[in-house]
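Here the structure comes first, spelled out in structure tokens, and everything after it is commentary.
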Amino acid sequence: MNMNIFKEMGLSIYSFKSYGEFLKNKKGKVFGFGVMLMVIYFLITMGVPVIRFFGGETISYKIEKSVPDFELSNGELWVDGVYIYDYRGTYIEIDTDSRSVLRSAYDMQDFLDNYTQVIMMDSEKVIVKDKGQVHEAFFTELDFELSRRDLLLLVPYAYIFLAVFMVIAFVWMTAWFFAGVLVIALISMIVASCMKVKISFGKLYSLGIYSRTLPLIIKAAVSFLPFGIPFFYVINIGLSVLIIGLALQNIKQMQQAPAGPPYGGGTGNNYPGNDFSWM
């Protein structure tokens, strides 16, 4: 049965019996499935935030509308006026008056604990809190100067930079996706051995790609949360291994059937042995 990629995505979430059918796919289709999965994940986690940020407005208009006059020079920041935002766990304060100096992030820990996201700036430094992590940096560490006028002059290059950044980010994320599947396949080899399922490493790698559908959906949803989840990467990988384990249980039952499924040459039951020939 030849299924399209989107139907396979749906089945890979809940139909563990379908994983036996996925093993019949050619390597090119399996790879295409992984790439398409990452395209969707990338559009949700990177494309949507960019679209929401600009909201159909040009970069020039966004700067003129939202960015106050400022200048960063000689390790000092000057911003025209005071900006304070305090809403739903997010706190932003920008006050570069020489009489207003922030304490260190360490001394402000009790205050920072009241918020999930914080950005605070004075004339000397910036304090940022995001997903539980607090960072502090001094402007003297920055070896450049910048102003609102400079930003407007850089707008023509911003679109090129954004396009290049998005392409590089997609390639990087996709490479890490396939590297992560390698880890999942290695763990799944142990699972398959314990379950006494005869299957090659290459086939486990294919199953690993399909097993990432549900975990990536969850990962995309979590990326919009204002806080991080401890050990989420381990939990996410564990979910893929669990899905493969359930799929292997169905494959084992098919192997033990009188007429085993033709999954390709190998050892016993017309099923490939534990080899690496697929890679």
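The values are calculated or read from the model by the stated rules, or taken from the named source; none is laboratory data. Fair warning: this is a prediction, and the values are worked out from it, not measured in the lab. Please note: Cβ atoms are built from the backbone with ideal geometry, for glycine as well, and neighbour counts cover all protein chains shown.
Put simply, of 190, 168, 244 the only residue that is surrounded by 14 or more Cβ atoms within 10 Å (Cβ to Cβ), at pLDDT 95 or above and in a helix (DSSP H, G or I) is 244. Looking at the range 96-116, can you tell me whether even one residue there is assigned by TED's automatic domain parsing to the domain that holds residue 177, touching a residue at least 12 places away in the same chain (Cβ under 8 Å) and not in a helix (DSSP H, G or I)? No, the range 96-116 contains no residue that is assigned by TED's automatic domain parsing to the domain that holds residue 177, touching a residue at least 12 places away in the same chain (Cβ under 8 Å) and not in a helix (DSSP H, G or I). The residues of the range 137-151 that are exposed (fewer than 15 other Cβ atoms within 10 Å of the Cβ) and assigned to a helix (DSSP H, G or I), listed by number, are 140, 141, 149, 150. Taken as a whole, the condition of being closer than 23 Å to residue 63 by Cβ, free of Cβ contacts under 8 Å to residues at least 60 places away in the same chain and not assigned by TED's automatic domain parsing to the domain that holds residue 223 does not apply to residue 90. A single member of 120, 173 is touching a Phe, Trp or Tyr at 6+ places or on another chain (Cβ under 8 Å), surrounded by 13 or more Cβ atoms within 10 Å (Cβ to Cβ), of a type in the set (A, V, I, L, M, F, W, C) and not in a helix (DSSP H, G or I), and it is 120. For the range 66-88, the criterion of a residue being surrounded by fewer than 12 Cβ atoms within 10 Å (Cβ to Cβ), at negative phi, modelled with pLDDT of 85 or more and among the hydrophobic types (A, V, I, L, M, F, W, C) is satisfied by at least one position.
Of all residues in the range 64-87, those being assigned to a strand (DSSP E or B) and either within 19 Å of residue 118 (Cα to Cα) or touching a residue at least 60 places away in the same chain (Cβ under 8 Å) (or both) number 12. Residues of the range 193-221 that are in a loop (DSSP other than H, G, I, E, B) and among the hydrophobic types (A, V, I, L, M, F, W, C): 197, 199. Looking across the range 42-57, just one residue is outside any helix (DSSP H, G or I) and surrounded by 12 or more Cβ atoms within 10 Å (Cβ to Cβ), and that is 57.
For the range 124-136, filtering for residues that are surrounded by 13 or more Cβ atoms within 10 Å (Cβ to Cβ), in a strand (DSSP E or B) and modelled with pLDDT of 90 or more leaves 7. Pairing residues of the range 146-165 that are touching a residue at least 12 places away in the same chain (Cβ under 8 Å) and within 14 Å of residue 69 (Cα to Cα) with residues that are small (Gly, Ala, Ser) and assigned to a helix (DSSP H, G or I), at Cβ distances under 9 Å and at least 6 apart in sequence or on separate chains, gives 151/158; 152/60. Across the range 208-223, the qualifying residues are those that are farther than 15 Å from residue 9 by Cα and touching a residue at least 24 places away in the same chain (Cβ under 8 Å), and the one among them that is surrounded by the most Cβ atoms within 10 Å (Cβ to Cβ) is 219.
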